[in-house]
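One structure is given below, encoded as structure tokens.
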Ligand SMILES: *Cc1c(COP(=O)(O)O)cnc(C)c1O
């Protein structure tokens with residue numbers, strides 16, 4: 001089937017008018033300071049104050065930030081992580097010669113199933129590494145308790161969750177380090193980029209030097225780092241995005257609630273990722289669960305229909321990591337929940353400036369498809 005022109009994209013960054021960036025871009029070009037300058041420093045300061053953490057260190061991507069954070073924390077051997085996460089989550093382990101041990105996910109929040117972690121811990125385990133899936137924070141207090149009991153590090157792939165909170169505490173404050181992504185599909189964006197948030201002074205210093213080769217020619221203890229700095233232009237994009245964040249998050253949450261309400265009006269048995277009480281999510285993704293036993297059709301059939309209507313959706317996260325060739329040898333529990341959610345979840349179009357008309361278009365397409373299948 002020929003793919004129809006995209007009418008509703010899966011996501012778009014919500015940007016300000018060019019005038020919001022222009023003066024800073026102009027001053028960067030005038031000064032010739034393209035990286036490691038005043039905008040980057042200001043961005044880091046504002047990020048730390050927004051999150052209420054001691055350090056926010058900007059890097060060129062979440063992946064690079066995780067590579068540095070894991071190495072800086074001295075993580076070795078086995079790392080327990082979810083399989084239901086974005087493929088990039090596993091890469092920092094591969095590059096650090098760490099062995100992923102995959103845990104199953106919770107059937108409602110899709111986050112790592114904390115109750116399954118303890119039986120996966122061995123003498124080689126040095127860390128738990130969890131993703132706040134689609135922006136819903138993990139059960140952080142239970143994760144912290146398990147990590148403490150077994151004396152292992154706790155790190156988060158917080159790529160989806162800048163602006164999320166749990167019981168009033170913002171994501172960015174949990175575990176030994178949290179690493180955010182600022183790629184264009186994330187709510188806070190710098191074009192490309194990442195942020196390492198931590199209260200650990202030594203780790204912050206390690207990442208600061210590590211993003212700059214680990215050897216600036218002056219350090220007394222050089223180490224092999226990365227070339228992973230954030231440019232000044234990216235920092236400007238980030239400063240504007242951070243200023244707009246409260247407004248964009250409010251819009252996004254309102255849009256997501258409206259979207260859910262409209263879809264549930266078509267079919268009350270539809271299910272979405274559960275947002276627990278006391279949690280504020282970024283809705284990085286609005287994930288619809290299609291259980292063929294309930295609905296009589298598969299997630300893939302629905303996706304194909306949406307595609308024929310010019311509506312872009314994503315099978316996040318399919319295949320889950322334990323089914324990627326890269327991790328074929330990795331230790332894994334049986335992961336029945338992960339396999340089920342990965343085969344049933346579909347991320348719908350969502351961005352902060354999506355129009356009601358676009359949402360209504362998606363809802364109408366869903367209703368047409370659903371009603372045909374029902375009858
Ligand atoms: C986007 C994303 C990443 C990768 O972020 P980069 O900044 O592109 O390295 C990692 N993990 C998750 C869960 C993501 O969504």
Can you find a residue in the stretch 264-278 that is at pLDDT 95 or above, within 22 Å of the chain's Cα centre (by Cα) and farther than 30 Å from residue 360 by Cβ? yes
Would you point out the residue of the stretch 74-88, among those that are surrounded by fewer than 24 Cβ atoms within 10 Å (Cβ to Cβ) and within 11 Å of the ligand (Cβ to nearest atom), that is nearest to the chain's Cα centre (by Cα)? 86
In a helix (DSSP H, G or I) and closer than 30 Å to residue 244 by Cα, is that true of residue 362? yes
Hey, among 174, 162, which residue is outside any strand (DSSP E or B), within 13 Å of the ligand (Cβ to nearest atom) and in contact with a helix residue (DSSP H, G or I) (Cβ under 9 Å, 6 or more places away or on another chain)? 162
Helices (runs of 4 or more DSSP H) wholly in the stretch 1-108 with at least 3 residues that are in contact with a strand residue (DSSP E or B) (Cβ under 8 Å, 6 or more places away or on another chain) and under 22 Å from residue 242 (Cβ atoms) - which ones? 38-51, 62-72
Is there a residue in the stretch 253-265 that is more than 16 Å from the ligand (Cβ to nearest atom), in a helix (DSSP H, G or I) and closer than 30 Å to residue 31 by Cβ? no
Among 238, 217, which is farther than 22 Å from residue 70 by Cβ and either in contact with a strand residue (DSSP E or B) (Cβ under 8 Å, 6 or more places away or on another chain) or within 16 Å of the ligand (Cβ to nearest atom) (or both)? 238
Output the residue which, of all residues in the stretch 298-316 that are touching a helix residue (DSSP H, G or I) at 6+ places or on another chain (Cβ under 6 Å) and not in a helix (DSSP H, G or I), is surrounded by the fewest Cβ atoms within 10 Å (Cβ to Cβ). 298
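The values are calculated or read from the model by the stated rules, or taken from the named source; none is laboratory data. This one's a predicted model, so the numbers in the text were calculated from it and none came from an experiment. Don't worry about glycine lacking a Cβ; one is built from the backbone with ideal geometry, like all the others, and counts go over all protein chains shown.
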